[in-house]
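Reading through the structure tokens given below for one structure.
The values are calculated or read from the model by the stated rules, or taken from the named source; none is laboratory data. If you're wondering where the values come from, they're calculated on a predicted model, not measured in any experiment. Backbone-built Cβ (ideal geometry, glycine too); neighbour counts: all protein chains shown. Calculation scope for accessible area: heavy atoms of the full protein, side chains included, ligands and nucleic acids excluded. Shrake-Rupley method; radii C 1.70, N 1.55, O 1.52, S 1.80 Å.
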Amino acid sequence: MARKKKKSPTHPFRSLYEENIGQWLKENKIKYEYEAKRFEYHETLRKNRAKCGDCGSTNLVRYAWYTPDFFVGNHLIIEAKGRFTAADRRKILAVRECIPELNEKLVMMFMRNNKLNRRANSKYTDWCDKHGIDYTVGTELKEEWL
């Protein structure tokens with residue numbers, strides 16, 4: 001499993017894409033906080049992948065922490081993605097289910113609008129439409145969100 005790049009005082013962002021979003025927010029005089037809060041959530045593990053060693057049950061739950069990328073005031077949470085993997089999609093759905101107050105605030109930002117996988121016809125934005133999540137492609141926020 002790949003580990004996330006640690007932030008340093010000279011380079012506070014985890015990716016160049018996040019840095020570009022932060023630069024755009026700064027240029028447009030929009031105050032934001034980067035990875036300022038985190039939320040605990042739980043995710044049901046896929047039945048074909050996990051089994052309890054003691055009882056054999058496949059009804060298992062994993063507890064984890066979700067740290068959104070950007071907080072813009074109290075009204076907007078931005079999750080920036082270069083790649084939007086199946087694990088990322090499961091995590092976003094689990095977070096939305098466990099923390100309903102984030103549903104109205106969460107916005108996905110994608111570096112580009114790729115296909116969900118090699119064989120899929122649908123793209124990142126199609127997935128967001130299906131699940132009722134606001135999104136944008138690029139580094140700029142929509143005026144209505146501000």
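Identify all residues within the range 19-70 that are in contact (Cβ under 8 Å) with a residue 40 or more places away in the chain, outside any loop (DSSP other than H, G, I, E, B), open to solvent by less than 40 Å² (accessible area, probe 1.4 Å) and touching a helix residue (DSSP H, G or I) at 6+ places or on another chain (Cβ under 9 Å); write none if there are none. Y41, E43, F70, listed by residue number.
Here L106 meets each of (1) surrounded by fewer than 16 Cβ atoms within 10 Å (Cβ to Cβ); (2) closer than 16 Å to G132 by Cβ with one exception, condition (1). When E18 is tested against (1) closer than 19 Å to K105 by Cβ; (2) at pLDDT below 85, just one condition goes unmet, and that condition is (2).
Please indicate, with yes or no, whether at least one residue in the range 43-53 is at pLDDT 95 or above and out of contact with any strand residue (DSSP E or B) (no Cβ under 9 Å at 6 or more places or on another chain). Scanning the range 43-53 turns up no residue that is at pLDDT 95 or above and out of contact with any strand residue (DSSP E or B) (no Cβ under 9 Å at 6 or more places or on another chain).
Looking at K91, is it part of a helix (DSSP H, G or I) and under 24 Å from E19 (Cα atoms)? Criteria met by K91.
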